[in-house]
Each structure stands twice: as C-alpha cells, then as structure tokens.
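Below: the structure, in structure tokens.
The values are calculated or read from the model by the stated rules, or taken from the named source; none is laboratory data. The structure presented is a predicted model; accordingly, all values stated were derived computationally and were not measured. Because the Cβ atoms are built from the backbone with ideal geometry, glycine has one as well, and the counts that use them run over all protein chains shown. Surface areas here come from the heavy atoms of the whole protein model, side chains and all, with no ligands, DNA or RNA. Shrake-Rupley method; radii C 1.70, N 1.55, O 1.52, S 1.80 Å.
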Amino acid sequence: MKIVTVNASASYDVLIENGLLQNCKDYLAPFVSGKTAAIVSDDRVAPLYLKGVKEQLEDLGCKVVSFVFPNGEKSKTIETYGEILGFLAQNGLTRRDVIIALGGGVVGDMAGFAAATYLRGVDYIQIPTTLLSMVDSSVGGKTAIDLPAGKNLVGAFYQPKLVLCDPQTLSTLPQEIFADGMAEVIKYGMICDEGLLSILKEGVSGRIDEIIFRCVAIKRDIVSRDERETGERKLLNFGHSIGHAVEKCSNFEISHGRCVGIGMAILTRSFVNRGLCEKACETALEELLKQYHLDDSCDFSADQLVSAMGADKKRMGKAIDLIIPTGLGKTAIEKTPMDALYAIVFAGL
Ligand code: GLY
C-alpha cells in the first residue's frame, strides 16, 4: 500500500491500493465504528460500489444511510446541496457522526461542503472513484458547489479525515472519464514535474497507482505549505481559469478535465506565440493531450471566454492570478489585469 500523509490544518492519510474498497473496513474503523455513516454518492457510482461499502460499515456497527443524486456537474447546485443537508437532518446525523463521499469530483465537492457546513462541521471521508478525484479533488480540502454565475463560487476549505483510493475502480470508468483525470495528471507534470511528463509520454499502463501516488505527493507538498491558496497552491489552477470559462460557455456539457486540458493548451500557445515560453512546452503538452484523448482547442471565441472569466472566483478586483508556463515542467503565478485577458486568450486560440 502507498500512503501519503497530508499535514495541513488537519493531518490525514491518503491510502492508495488496488482492491482497497473490498476491505476498506479495516481502514475506516477508527473513524466510523459505532457511528451513523451517511454515504453520499451518485447514480453512476452507487450501483457499482455502494452496497459493498455499506455492508462493511454495517460490519463495524454503523447505522448507514445513503443519499444518491444524478451524476454530473449539473447536480452541483445549491438545490442538491440543500437536499443533502435536509437528508442529514432527517436522519438525525449528529456532530459525532460521519459523511462518506463515494464517487468522483462532484460527489466529493458536494459531500465535503455539506460536511463543512452541516452542524458547523462534521467529519468526512473521501472515497474517490475517478482518476480526477484521486489525483486532485479528494485531497487538499477544497469543497464547493456551483452557482448559475460560475463554478465553485460557494465553498470551504475543509480537510477530510481519510482518503481511500482504490485504482481498481478505474477499470469501470468510461474512457472519456478516465481521460478527464489524465488532464489533471498532465497538469501536475506541466506545473512542476518534468519527469512525470516523460513517464506519461511512455504510457500509463501498469503504472497508474505510481502516478496517482506521485500526483498526490505533489499536492501534499503544495497544500502543506499553502493550504488556503494565498500563494503557491494557485499553481494547481494551471489551465483552470480558461478551463472554467470553457466549461461555463459549454453549459457544463464539456467535462472539467477536458476543459482544463483546453485551458492549458490555449494559455501555453498564447505564451509561445508571444515569444514568452519555449515551443517545446506547447509541443509536449499538445502531444500528451492527443495521446490521452483530450482536446487542445474549443469553438468559443476570445470574447465569450473572457466574459465567462469575469465570474472566476480567482479574480481579485481588476486582476486575476494566471498560472503561466515558463518552461517544461515549470510554471509561475502572474497577476494579470482583466483588460489584458482578451489579448492573451486571443493569441492562444
Ligand atoms: N484543484 C486545485 C486545488 O485543489 O487547489
């Protein structure tokens, strides 16, 4: 088993092992025994894994209740969040009980935000079942829901008690959902790990748990130094400002990871085209995106994208912190006036 210990405002382990879900009770026991466990999942993941996890929790003497909502970003709303809170209250969940997020990024964000706010905070455990949630969203304590005005506009930093990653669950993922996670993996390589880019070029077959471990270890290091994203953690947003704009312009029809891939590509091309970054960065990124069945462009105009970026939560008044590529496996944070965005995006389309 691979273990990454995150030391932020709370300390917790991320456990990575094939088959972990089948014997997760040993690892869950210290956090759940004898408590009520509220599993939050979606209708794609629940038919696959809910019964197994529930039975193991019951073996530990838990009362188990479960809330299942429709899969996808369109569920990440204030309405679904309200339904989860109502469900927790109806089932009498108390401060000594625990919420378990079983699913991908949307489930983790929603269950985590419910945990952060219900009764001013109850414990929660992340059991991510997609590559994207294993390498990124289940670790680091970002929880959120979307508003019609934009993505993740309401949320909290709230660390889980435990994260259980079973790479075997990736075998049931549709190819496009696996690709979605690969965009975040490529992001880690682009921001700070040229070695990871080389591994990705060779292929991930048989190496996925090593790759998850490597990404989580990068995130652990960054989050332990900057939990609340006042500085270095912003690097993890590479490709996200434009990516979120693509997501919004597509009415969330294009998935998050795919949009992050497009965002990284537009930004990198822009910096290369304006002579501010070496061409090798663009070439490596575009080749990896292609290799992992991701896109490097979209049909939206610079006007549409920049207008959608106006609602980005990372905007600070008239400026936004853009994460810019400075070399292969290297990025920097650059405060960028909002009125400079059009030229930057246009140069990368
Ligand atoms: N997904 C970026 C972060 O957790 O900071």
Residue in segment 50-69 that is touching an Asp or Glu at 6+ places or on another chain (Cβ under 7 Å), under 30 Å from residue 153 (Cβ atoms) and at pLDDT 95 or above present: yes
Considering residues of segment 160-175 that are farther than 23 Å from residue 78 by Cβ and assigned to a loop (DSSP other than H, G, I, E, B) only, the residue most open to solvent (accessible area, probe 1.4 Å): 161
Tally of residues being more than 23 Å from residue 11 (Cα to Cα), surrounded by 13 or more Cβ atoms within 10 Å (Cβ to Cβ) and of a type in the set (Lys, Arg) across segment 22-81: 5
Hits in segment 227-256 - residues which are among the small types (Gly, Ala, Ser) and away from the ligand (no atom under 15 Å from the Cβ): 245, 250
Considering residues of segment 192-213 that are within 16 Å of the ligand (Cβ to nearest atom) and outside any loop (DSSP other than H, G, I, E, B) only, the residue least open to solvent (accessible area, probe 1.4 Å): 212
Failed item in (1) over 18 Å from residue 188 (Cα atoms); (2) assigned to a helix (DSSP H, G or I); (3) over 20 Å from the mean Cα position of the chain (by Cα), with residue 275 passing the rest: (2)
Sole exception among (1) assigned to a loop (DSSP other than H, G, I, E, B); (2) in contact (Cβ under 8 Å) with a residue 24 or more places away in the chain for residue 267, by number: (1)
Yes/no for residue 278 being of a type in the set (Asp, Glu), under 22 Å from residue 197 (Cα atoms) and either open to solvent by less than 50 Å² (accessible area, probe 1.4 Å) or out of contact with any Asp or Glu (no Cβ under 6 Å at 6 or more places or on another chain) (or both): yes
Close pairs (6 angstrom Cβ cut-off, 6 or more residues apart or separate chains): of a type in the set (S, T, N, Q) in segment 162-184, in a helix (DSSP H, G or I) anywhere: 172/48
Residues located in segment 34-49, provided they are in a loop (DSSP other than H, G, I, E, B), out of contact with any Asp or Glu (no Cβ under 6 Å at 6 or more places or on another chain) and at pLDDT 95 or above: 43, 44, 45
Hits in segment 248-264 - residues which are surrounded by fewer than 22 Cβ atoms within 10 Å (Cβ to Cβ) and either among the acidic types (Asp, Glu) or in a helix (DSSP H, G or I) (or both): 249, 253
Conditions (1) of a type in the set (Lys, Arg); (2) free of Cβ contacts under 8 Å to residues at least 60 places away in the same chain; (3) more than 23 Å from residue 154 (Cα to Cα); number of the one not met by residue 35: (2)
Scan of segment 111-149 for residues that are open to solvent by less than 20 Å² (accessible area, probe 1.4 Å), more than 15 Å from the ligand (Cβ to nearest atom) and either at positive phi or part of a helix (DSSP H, G or I) (or both), ordered by number: 111, 114, 115, 121
Among residues of segment 82-99, those that are assigned to a loop (DSSP other than H, G, I, E, B) and open to solvent by 40 Å² or more (accessible area, probe 1.4 Å), counted: 5
Condition check for residue 321: in contact with a strand residue (DSSP E or B) (Cβ under 7 Å, 6 or more places away or on another chain) and open to solvent by 10 Å² or more (accessible area, probe 1.4 Å): yes
Out of 112, 82, sole residue that is under 28 Å from residue 177 (Cα atoms) and touching a Ser or Thr at 6+ places or on another chain (Cβ under 6 Å): 112
